[in-house]
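The values are calculated or read from the model by the stated rules, or taken from the named source; none is laboratory data. What you see is a predicted model, and the numbers here were worked out from it, not measured in a lab. All Cβ positions, even for glycine, are placed from backbone atoms using ideal geometry, and neighbour counts span all protein chains on display. Remember, those area values only see protein heavy atoms, side chains included, never the ligands or the DNA or RNA. Shrake-Rupley method; radii C 1.70, N 1.55, O 1.52, S 1.80 Å.
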Amino acid sequence: MTPAAARGPVELVQALHPHDVPASLARELTDCWITVANAGGAVGFAFPPVDRAQVSPVAAELVAGLDPAYSRLLLAKVDGRLAGWLSLTRHRDPLVRHWGTVQRVQTHPDHRGRGIATALMDRIRAIARDEMALAQLHLTARGGEGLEAFYNRLGWTEIGRWPDALRFAHGDRDEVLMLLAPL
């Protein structure tokens, strides 16, 4: 799909239970993840190229763990097709149950530049606050990719770094720790 082919409005949909992700959507989610990872996205697969054999089991585990109190997917659709997604998890330990972790924020390359990632992040903030009663959100980002500036524009604050925590063939990168509070 080319960017010109996908110009409809962005629809944001939550998946709260495994049955909210039928096989066709699971394939789209996996395909998006593969495409984003192979385009260099910092989405959990550090050494592209990746393929369906690597990504499908991880996607299946993510979907199998969906639970409205603890783990959700937020999906962005354009013209009925998946254009991006992210996951939100909350910890079960009562000591840290008041915060959640945002992971796998991604927009399919065909849909970049349309504000999809911003829409996903804005909506997940509201979901975390209003539906899950979370007090704060955490995420980690790969340093040196410009991600800190993106998250800063959305109200996130860098709270620390693990220097040279990520080892790549092209050099080490910091893992950047970010916080959004209050929600």
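The string of couplings for the stretch 99-111 from the Karplus curve (6.51, -1.76, 1.60, θ = phi - 60°) is 10, x, 10, 9, 9, 6, 4, 8, 10, 4, x, 5, 10 Hz, one whole number per residue in order, with x for Gly and Pro. Once the trypsin sites (Lys or Arg not before Pro) in DSSP loops with at most 13 neighbouring Cβ atoms within 10 Å are cut out of the chain, the longest remaining piece is 93-183.
Can you classify the stretch 31-99 as rounded, prolate or oblate using the Cα gyration tensor, where a ≥ b ≥ c are the square roots of its eigenvalues, rounded means a/c under 1.5, and otherwise it's prolate if a/b beats b/c and oblate if not? Because a/c hits 1.5 or more and a/b exceeds b/c, the stretch 31-99 counts as prolate. For the chain, the solvent-accessible area of protein heavy atoms averages 49 Å² per residue (probe radius 1.4 Å; ligands and nucleic acids excluded). Identify which of HIS170, HIS98, HIS111 has the largest mean-square fluctuation in a Gaussian network model of the chain, with springs joining Cα atoms closer than 10 Å. Residue with maximal mean-square fluctuation among HIS170, HIS98, HIS111: HIS170.
The share of accessible area on the chain that comes from carbon and sulfur is 53 percent, using a 1.4 angstrom probe.
For the pair ARG52 and ALA169, the difference between a 0.36 nm per residue extended length and the Cα-Cα distance amounts to 39.8 nm.
Between ARG112 and ASP31, the simple label model (points 7 Å from Cα in the Cβ direction) yields a spacing of 2.0 nm. The mean sequence separation of alpha-carbon pairs under 8 Å and at least six residues apart, normalised by the residue count of the chain, gives a relative contact order of 19 percent. Along the stretch 164-178 the Karplus relation, 6.51 cos²θ - 1.76 cosθ + 1.60 evaluated at θ = phi - 60°, assigns HN-Hα couplings of 6, 6, 10, 9, 10, 4, 8, x, 7, 10, 6, 9, 9, 9, 10 Hz to successive residues, with x for each Gly and Pro. Annotation: amide H-H contacts under 5 Å for GLU145 (H modelled 1.01 Å from N, sequence separation of 5 or more, or interchain): none.
Converting phi to 3J(HN,Hα) with the Karplus coefficients 6.51, -1.76 and 1.60 and the offset θ = phi - 60°, the stretch 117-134 yields 4, 5, 4, 4, 5, 5, 5, 5, 4, 5, 4, 4, 6, 8, 9, 10, 6, 7 Hz in sequence order, with x at every glycine or proline.
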